[in-house]
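Presented below is the structure to which this report refers.
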Amino acid sequence: MKKSLLILALFALSFAGLQAHDAIKSDTVFMVANKRGVMKNLKEIEGRGYCNSVELSAGVMPKDLYNVSAVMVFGYRFNKYIFLGGGVGLSYFHETNHWSWDNSTNTNNYIGIPVFVRAKFNFTKRRVSPYFGIDLGGAMFWEKDAQDVEPYGYFLFRPHIGIDINVSDKIKPYIMLGGSTYGGALFFGAGCKF
């Protein structure tokens with residue numbers, strides 16, 4: 001029993017010594033790389049940090065179907081190329097149905113709340129940078145003039161392309177164009193990061 005405790009203690013001490021040696025070695029490498037300007041601290045990575053934006057978008061489709069949304073997007077930019085975040089907003093959805101069997105028309109207006117997660121990937125880090133983005137989430141809509149208040153849920157999937165325009169450190173407008181699963185097959189929008 002004493003031998004096994006002694007072996008276990010020696011193993012623990014040698015493991016701790018290896019860990020300390022590796023830590024000193026990695027700190028030395030990090031210090032040398034920093035001195036040469038090869039590596040940067042996380043705070044020094046260009047473009048890194050939290051950012052927010054306000055955007056307006058509209059979805060359109062033939063046969064009197066459209067959607068207009070105002071959204072706040074919050075997220076974190078890991079560098080000049082990758083952004084992950086989410087958005088929430090307010091949306092107006094209009095659809096007109098034409099029934100051919102009795103020549104009648106039915107118009108519905110909905111107010112909704114879209115909630116989504118956004119991933120955005122910029123291709124360059126220049127002042128004008130094209131990007132590809134994906135929004136994934138859902139939207140709850142309530143009929144505006146209906147007596148019952150039962151909500152309708154929609155799956156939200158919006159792949160899009162766009163352009164970021166870095167006017168200054170504080171003003172960064174962008175435009176986007178893509179497809180949407182709700183409120184029309186095609187959507188376009190514009191926003192501004194602050």
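The values are calculated or read from the model by the stated rules, or taken from the named source; none is laboratory data. Nothing here was measured: the structure is a model prediction, and the numbers come from that model. All Cβ positions, even for glycine, are placed from backbone atoms using ideal geometry, and neighbour counts span all protein chains on display.
Data for the structure
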{"read-out": "Pairs, first under 20 Å from residue 194 (Cβ atoms) and surrounded by 20 or more Cβ atoms within 10 Å (Cβ to Cβ) in region 154-179, second of a type in the set (Ser, Thr, Tyr) and at pLDDT below 90, C-beta under 7 Å, six or more apart", "value": "none"}
{"read-out": "Qualifying residue in region 121-142 (condition: within 23 Å of residue 77 (Cα to Cα), basic (Lys, Arg) and in a strand (DSSP E or B))", "value": "no"}
{"read-out": "Set 96, 124, 107: member being in contact with a strand residue (DSSP E or B) (Cβ under 9 Å, 6 or more places away or on another chain), assigned by TED's automatic domain parsing to the domain that holds residue 144 and surrounded by fewer than 12 Cβ atoms within 10 Å (Cβ to Cβ)", "value": "107"}
{"read-out": "Single residue of 53, 91 found to be within 18 Å of residue 190 (Cα to Cα), in contact with a Pro (Cβ under 8 Å, 6 or more places away or on another chain) and surrounded by 15 or more Cβ atoms within 10 Å (Cβ to Cβ)", "value": "91"}
{"read-out": "Residue within region 168-185 that is acidic (Asp, Glu) and either at pLDDT 90 or above or not assigned by TED's automatic domain parsing to the domain that holds residue 114 (or both) present", "value": "no"}
